[in-house]
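What follows is calculated from the coordinates using simple rules that are stated; it is not laboratory data. This structure is a prediction, so every number in the text was calculated from the model and none was measured. Here Cβ is always computed from backbone atoms with ideal geometry, including for glycine, and neighbour counts include all displayed protein chains.
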Amino acid sequence: MQDSGRTAPIMARSGLSEAAFAWMLISPALLFIGVIVAWPLAETIRLSFTDATLGGESYVGLANYAALMASPKFYDTVARTFYWMFLSVSLKLIMGLIGATLLNAAIPGKALFRILVMPPWVIPVAIGVIGWKWMYNGYFGLISGLLQEFGLVQDRVALLASKTSAFYSAVVTDVWVGTPMVTLFLLAAMQGVSRDLYEAAWVDGAGRWYRFRRITIPQIMPVIVSMALLSAIWTFNSFEIIWILTEGGPRGATTTLIIDTYKVAISSQRFGEGAARAVVIVTLLALFSLAYLYFLNRVNRYYGAK
Amino acid sequence: MARLELSHLTKSFGTAKVLHGIDLAVRDREFVVFVGPSGCGKSTLLRIIAGLEEASSGRILIDGVDVSRAAPVDRGISMVFQSYALYPHLTVFENIAFPLRVARLPEEEVRQKVGRAADILQLNDKLHLKPGQLSGGQRQRVAIGRSIVRNPRVFLFDEPLSNLDAALRGEMRVELSALQRDLDATMIYVTHDQIEAMTMAHRIVVLNKGRIEQFGTPMELYHHPATRFVATFIGQPNMNLLPATVVGTGPDGLTVDITGGARITLPVAFGDAKIGDTVEVGIRPENLTLGAGLTMKLRVLERLGGVAIAYGVMLGGPKICAALAGDSLLHEGEDIGLSFAPQDAHVFDANGAVMPRLQAPSLADEQRK
């Protein structure tokens, strides 16, 4: 009532209907979203039906998609991307949970530890990853050096040179970069759990592990699930870590969808084919997010009732 | 069920001393209430008994066994928290069953014990619900249910009713008293509400600034408050304290001049009080009647129906409050005369210690409800 009381004179003066007035109010935001999100998305979809290169473009229908569907390499890339995401997100969550639990424990100097967790997140990703690249290096890398020092290997190990070790090395670095944020979010959630619940459980004889399992985990479950979703999307699209370490190599061992897309669209300047890949990524992530949000909703309903 | 003894219990947080040598003996099957203003140390004392805090010194004995260093679960206590501390993700059944699950009892026994607790607390049709779907009173009952199933030797309650609205609080008070009788258990109950203390306790511990001011039955505290603090804390509305000067001592008691009022001889054991000492005469609002002696300028009159509470000031300044007959014909702003029977008065010396009354009502010396 108050609102219409205030807006009515404006509408009367300008001769606008209520709906038109409402559209007018949201038009700046709409324009912004249109330019930043909707137009690039539409343009990407349009491009994916062309054979656009620097030289020009012409409509090719579903040819780009057909080529993707027919390519076993592309299926490998999709599978690798999901494996990459699953492994990295799982590790980030497990490490984050362990880290948050330790930081939440009543230990002396925990404020200091809380600060010490931050560097991987605070250091610019490129700098941190270059550091890792050096550590992985076979000639002057720290890891290879230590392994030889302790006699675990005879010869130099160039971790980024072989397919399997390059993939897992990239995972380790990605986990290193991604864990602090997960840790801090889970820590915040843990600190939000009422102390009374722990005390009540303690009075009833529940030990540390029991309290963790039956109070902490259920209480922070909604945060774990949302962190898993966010982390999954970021990891799926994680580009710079892999690019700096291996550029997707050796022989495609670390090529995820986003790396593949970049290589095709930007390095090879085959915009049409790149756009088709981008559309596949958007579709996969959208489906993934939908499933996840459905799941999150159920988790919240189960654990959320205070 | 069990006896509980505390001996020389102290507690400091850093340099702040919150409990100064508490000595207390709670009898088997007794309902004892710790009462006091916020910050008096009552919750800390309860948490020490529970084992959630460690005492800085002193001992806790349950049935004669020193449990000062024992884990909460090994003390045979259970605790109901002010916030209820229910697990939001578990059903009412699992909340009540929690201690039994911790103890890994067989499913059959769990069902049986939870069922019995639910019977006592009338929660049978709520067992499948989550705490979020319950009302405040029902949540409170679930919290009590969780403490019942363990068959503790001592029940501890930390302000369990303070999150409830007034009507429900009155109801739960009656339920808790009945529950104590049914379970025939030793219970320690912490509250800041003197009405809860008066209505439920067998004996009340009045705490002030980390010390026990007095430990006794409700009527003992009401009729024989040991200190000025207890006198003003127990009883509603609060006891009036009227400054007075000693003008005579004799076999009938102490003769005083009440500032702005009359000269009166009060039957108290005045000890070494001398003429000229400053004392305070305590008189409960319900012991004042319309009459002659004290003059009060009536400021506010609250009519509760059966009684009318008159608030005002006496000549010379002290505030005074009287609980008068509900139909008293009085008007705000007028001067009214009040009187009281000398044997109803309490006298406190300059340190706040009481001069024992010589004529006490019969119930005052009853040892247990």
Stretched out fully, how many nm does the piece from residue A:283 to residue A:36 gain, at 0.36 nm a residue minus the Cα gap?
87.0 nm
For a paramagnetic label modelled at 7 Å from the Cα of residue A:193 toward its Cβ, which residues of region A:266-305 fall within the zone defined by backbone nitrogen distances under 16 Å?
A:303-305
Taking the Cβ-Cβ separation of residue B:319 and residue B:181 as r and a Förster radius of 35 Å, what is the calculated FRET efficiency to the nearest 0.05?
0.30
Label-to-label distance, nm, for residues given as residue A:101 and residue B:343 (7 Å Cα→Cβ offset)
7.0
Using just the helices of chain A, give the 222 nm mean residue ellipticity in deg cm²/dmol: DSSP H runs with n ≥ 4 each add -39,500 (n - 2.57), and the total is spread over all residues, rounded to 500.
-23000 deg cm²/dmol
Shielding by other protein chains, A:188-199, mean Cβ within 10 Å:
3
Kindly list the residues of region B:135-154 that lie in the label zone of residue B:171, defined by a backbone N under 13 Å from the point 7 Å along the Cα-to-C-beta vector.
B:135-141
How shielded is B:81-88 by partner chains, expressed as the average number of their Cβ atoms within 10 Å of its Cβ atoms?
6
Taking chain A as a Gaussian network, where each spring joins two C-alpha atoms under 10 Å apart, which residue of A:259, A:115, A:98 fluctuates the most?
A:115
If you take the charge dipole of chain B about its Cα centre, with +1 on Lys and Arg Cβ and -1 on Asp and Glu Cβ, which of B:143, B:102, B:239 is farthest toward its positive end?
B:102
Quick one: net charge of residue A:174's neighbours, Cβ under 14 Å, K/R +1, D/E -1?
+2
GNM top mover of A:89, A:129, A:203 - chain A, alpha-carbon springs below 10 Å:
A:203
Separation of alpha-carbon centers, region B:267-339 and region A:261-275, rounded to whole Å
94
Taking the Cα centre as origin and putting +1 on Lys and Arg beta-carbons and -1 on Asp and Glu beta-carbons, what dipole magnitude results for the protein assembly as shown, to the nearest 20 debye?
1760
Once you list every other residue whose beta carbon is under 11 Å from the beta carbon of residue B:47, what net charge do they have if Lys and Arg are +1 and Asp and Glu are -1?
-2
For region A:139-245, listing chymotrypsin sites (Phe, Trp or Tyr not before Pro) in a DSSP loop whose Cβ sees at most 10 other Cβ atoms within 10 Å gives A:139, A:140, A:150
Amide N of region B:282-309 lying under 20 Å from the label point, which is placed 7 angstrom from the Cα of residue B:332 along Cα→Cβ
B:296-309
Of the candidates A:121, A:52, B:187, the farthest towards the positive dipole end of the protein assembly as shown (Lys/Arg Cβ +1, Asp/Glu Cβ -1, centred on the Cα centre) is A:52
Which semi-axis lengths, in whole Å and largest first, follow from the square roots of five times the eigenvalues of the Cα gyration tensor of chain A?
39, 37, 17
Efficiency of FRET from Cβ geometry, residue B:125 and residue B:232, R₀ 51 Å, rounded to 0.05:
0.65
³J(HN,Hα) across region A:218-225 via Karplus (A = 6.51, B = -1.76, C = 1.60, θ = phi - 60°), whole Hz, x for Gly/Pro?
x, 5, 9, 3, x, 6, 4, 5
When only Cα pairs under 8 Å and 6 or more residues apart are kept, what is the percent relative contact order across chain A?
26
Only Cα pairs within less than 10 Å get springs; with that Gaussian network setup on chain B, which residue of B:145, B:14, B:316 has the largest fluctuation?
B:14
For region B:49-69 versus region B:228-247, the gap between their alpha-carbon centres in whole angstrom
36
Apply the Karplus curve 6.51 cos²θ - 1.76 cosθ + 1.60, θ = phi - 60°, to the phi angles in region B:168-184 and return the couplings in whole Hz, x for Gly and Pro.
5, 4, x, 5, 5, 4, 5, 4, 5, 4, 5, 4, 4, 5, 5, 7, 6
Estimated [θ] at 222 nm from DSSP helical runs (n ≥ 4, -39500 (n - 2.57)) normalised by residues in chain B, nearest 500
-7000 deg cm²/dmol
